[in-house]
Structures are given as C-alpha cells and as structure tokens.
Amino acid sequence: MQTSSRVGDLVPPTAERREADDDLLQRFLRGQPAACRRIERWGWEIIAFKYWKIPKDDWEDVIQEALASIWRATTRPGFEIRGGLRALVRTIAIARCIDWMRRQKPAEPLDDTEADPAPGPYDLALARNESAQVRWALQQVAQGCRDLIRMHFGEGLGYGEIAKELGRAEAT
C-alpha cells in the first residue's frame, strides 16, 4: 500500500490491488493451498513480532484462531475489503494476539461471602441528607419514645402538656 505525503494518510488501494486482493480472498475461501499459505504467512509476520511475547508453542493456535476469524469476517453478507486484504489479516492477527494475552492474565476467584467495605447507596444518601439521618435515627428507637419526641419537637408541646395528655406525672 502506498502512503501519501502526509504521514499516516493512506491512499486507498488501486483498482489492480483490489482485484488482486479479491482474487486472493476468493482462492483462500475455496481452500486453495497457495492462497491459504500466503494469508497464513501474513498472520505469522504479526504473531512472530517480539512485542507479543507469545511462546512458540502457542503460535499455531493463535494463527488458527486468526484464520478462522478471517474466514468468518469475509464470509459475512455484504463484506468488502476497504483497506486491503493484508491490512485486514494484520488487524485480525493483532486482535487474536491481544485475546491470547488477555487469557494469560491470572484470574482470582471471587469470594461471595466477603462483605463489600464500601458504603451502600442508602448509607451514602443518609450521609448527604441530615433530615434523612434524623428520620433513620427515629426509626431505631421504640414507638413510645418516638411519640414523645414527635409531641415535643413536632407539635411544640411542653413536658407538662405531654404528661397531662398521656396521663402521667411530668417528672416521668
């Protein structure tokens, strides 16, 4: 593929290049050995790149995954090669290398019995709202105490009036 004068701008493939790519892809899809080897070789160029640090024992598996992905992608209805077949093969091979690396990350099983130390949404709402804190605190005391608090603070009754209404001594 040719590059233009600006770095990073790719010139679309020529008509000849598109025809050659389409021909190679059709031969690959028919299973022609030479076409399969050529596309596989493009995948090997990516997989053998030292950055991936994929052990040689796993190279064949990653290549097979890449070839299967190429097959699936190119046989979808409406598929067309936009940036060239070699670019497609490289993109898919890179994606399979990344998949391989992700599978190598150690995974620790989660312990479902361990409680989450972070405050829950209800706790966060309480912390932000003082009136909600007061309501929550009132729910924690006995009903008789709640009635006394409601009469004194909510209705504005004095201790003598509350005692008279409840039929008790003011000192109680």
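Condition check ((1) assigned to a helix (DSSP H, G or I); (2) small (Gly, Ala, Ser); (3) at pLDDT 85 or above) across all residues:
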site	(1), (2), (3)
Ala127	yes, yes, no
Leu138	yes, no, no
Lys164	yes, no, yes
Ala171	no, yes, no
**Asked** Within the stretch 10-55, which residues are open to solvent by 80 Å² or more (accessible area, probe 1.4 Å), at pLDDT below 80 and part of a helix (DSSP H, G or I)?
**Response** Lys50, Tyr51
**Prompt:** Of the residues that sit in the stretch 83-108 and are modelled with pLDDT of 80 or more and in a loop (DSSP other than H, G, I, E, B), which one is nearest to the chain's Cα centre (by Cα)?
**Reply:** Lys105
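The values are calculated or read from the model by the stated rules, or taken from the named source; none is laboratory data. Just so it is clear, the structure is predicted and the values come from calculations on it, not from any experiment. Note: accessible area is taken over every heavy atom of the protein model, side chains too, but ligands, DNA and RNA are not part of it. Shrake-Rupley method; radii C 1.70, N 1.55, O 1.52, S 1.80 Å.
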